[in-house]
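The values are calculated or read from the model by the stated rules, or taken from the named source; none is laboratory data. None of the values given here were measured: they were computed from a predicted structure. Don't worry about glycine lacking a Cβ; one is built from the backbone with ideal geometry, like all the others, and counts go over all protein chains shown.
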Ligand code: AMP
């Protein structure tokens, strides 16, 4: 069967299982497990509702008088970000002014940040402020003297890459073990103070509590760092989403590319991935998870062979794209989320 026919037929076929009755239970259990995280699946259940029910928690807002804005750092869909100063202790800080967004989203971000107080390499929330008109809500966090990614990725040594990747994984293992998926890991959300060799994971606005077999929104993340499950609309994803994004960042570092998979839109993003990982593995993934994938983009229906990682080695990156690096990359960038290394497994890799 051609790739076109195969990918199209997933929309209409149902799985037929011919098995002895005694094996039925095993099949049911394994079908249930396939959609569940391999690790920390019960992290929220064991902590209870006061840990994850963010809608129910009351926020005490401070007055903004204590903080002064120094300069604008950036901004996006959901916020404007400023460098500020805390006039009480003269400390530098970051003031993230949230655009009027749904109340539950503000609560979720604050609850996540409070739950993660003291977590390794996660940005510390210092205060939450609201102006007297109650129109503007801001999060005050610690400041990181970040080097912009466009400058940084060209300068990283093998030791730097190992160090920063390990620090990011340390943050993610902690976050995941506490039942939270970041959902937007990308260079712009990984602040690196290169002089101090410190890393902080920021922007918890899309972070969510993980519960097994719950369907989540697939319109999260940032295009170049989105895993296949988001691009094919598979909603029962888990922590492994963050490990794909970490893999993309790692690939960018070891191959000295600003972004490794650089799609022009979501479909082109999937195409870029398929052209590296190959369509045979993509089809196997869709089949294993019973994902109905439809597209009218002709290129997405084609057949592509696996491109070995060694093909990306150039004179400029050969000192970074070493065998151990390619081996760990290969275990992060997998279509099947259950095949990806967990943060803890990746940390244990040479
Ligand atoms: P965000 O909307 O949280 O992704 O922040 C927008 C931009 O502001 C980031 O890409 C950074 O350049 C900058 N920024 C955010 N938080 C910090 C921080 N804690 N320290 C330094 N810069 C930050």
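Working carefully through the options 282, 261, find the one that is in a loop (DSSP other than H, G, I, E, B), buried (at least 19 other Cβ atoms within 10 Å of the Cβ) and in contact (Cβ under 8 Å) with a residue 24 or more places away in the chain. Please lay out each step first, then the result.
On the way: 282 fails: in a loop (DSSP other than H, G, I, E, B).
Answer to the selection: 261.
Out of 140, 129, report the one residue that is over 23 Å from the mean Cα position of the chain (by Cα) and surrounded by 18 or more Cβ atoms within 10 Å (Cβ to Cβ). Don't jump to the end; show me each part of the working.
On the way: 140 fails: over 23 Å from the mean Cα position of the chain (by Cα).
Checking each option against the conditions leaves just 129.
With respect to residue 128, determine if the residue is outside the structural domain of residue 177 (by TED's automatic domain parsing), away from the ligand (no atom under 12 Å from the Cβ) and in a strand (DSSP E or B). Walk me through how you get there before you give the answer.
Numbers: outside the structural domain of residue 177 (by TED's automatic domain parsing): yes; away from the ligand (no atom under 12 Å from the Cβ): yes; in a strand (DSSP E or B): yes.
For residue 128, the condition - outside the structural domain of residue 177 (by TED's automatic domain parsing), away from the ligand (no atom under 12 Å from the Cβ) and in a strand (DSSP E or B) - is met.
So which residues in the stretch 280-308 are closer than 14 Å to residue 333 by Cα and over 23 Å from the mean Cα position of the chain (by Cα), if there are any at all?
Taking the stretch 280-308 as the starting set, the residues that turn out to be closer than 14 Å to residue 333 by Cα are 281-282, 285, 306-308.
306, 307, 308, listed by residue number.
Looking only at residues that are near the ligand (Cβ under 9 Å from one of its atoms) and part of a loop (DSSP other than H, G, I, E, B) in the stretch 187-211, which one is surrounded by the most Cβ atoms within 10 Å (Cβ to Cβ)?
Only one residue fits best here, namely 204.
Within the stretch 133-157, track down each residue that is farther than 23 Å from residue 259 by Cα, touching a residue at least 24 places away in the same chain (Cβ under 8 Å) and more than 16 Å from the ligand (Cβ to nearest atom).
Taking the stretch 133-157 as the starting set, the residues that turn out to be farther than 23 Å from residue 259 by Cα are 133-143.
Subsequent filtering for residues that are touching a residue at least 24 places away in the same chain (Cβ under 8 Å) retains 135-143.
Answer for the stretch 133-157, where residues must be farther than 23 Å from residue 259 by Cα, touching a residue at least 24 places away in the same chain (Cβ under 8 Å) and more than 16 Å from the ligand (Cβ to nearest atom): just 135.
Wholly within the stretch 36-115, which helices (runs of 4 or more DSSP H) include no fewer than the required count, namely at least 3 residues that are away from the ligand (no atom under 16 Å from the Cβ) and loosely packed, with under 15 Cβ neighbours inside 10 Å? Write out each step before concluding.
On the way: elements: 43-47, 49-52, 103-115.
In the stretch 36-115, the matching helices (runs of 4 or more DSSP H) lie at 43-47, 103-115.
Please enumerate the residues belonging to the stretch 152-186 that are over 19 Å from the mean Cα position of the chain (by Cα), within 25 Å of residue 76 (Cβ to Cβ) and part of a helix (DSSP H, G or I).
Within the stretch 152-186, 152 is the sole residue that qualifies.
Okay, residues lined up against (1) modelled with pLDDT of 95 or more; (2) in a loop (DSSP other than H, G, I, E, B); (3) in contact with a helix residue (DSSP H, G or I) (Cβ under 8 Å, 6 or more places away or on another chain):
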{"site": "135", "(1), (2), (3)": "no, yes, no"}
{"site": "144", "(1), (2), (3)": "yes, yes, no"}
{"site": "147", "(1), (2), (3)": "yes, yes, no"}
{"site": "150", "(1), (2), (3)": "yes, no, no"}
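Within 22 Å of the chain's Cα centre (by Cα) and surrounded by 17 or more Cβ atoms within 10 Å (Cβ to Cβ): is that true of residue 277 in this structure?
Numbers: within 22 Å of the chain's Cα centre (by Cα): yes; surrounded by 17 or more Cβ atoms within 10 Å (Cβ to Cβ): yes.
Here the answer is yes, as residue 277 does meet what is asked.
Please specify each residue of the stretch 158-170 satisfying the condition of being surrounded by 24 or more Cβ atoms within 10 Å (Cβ to Cβ) and in contact with a strand residue (DSSP E or B) (Cβ under 8 Å, 6 or more places away or on another chain).
168
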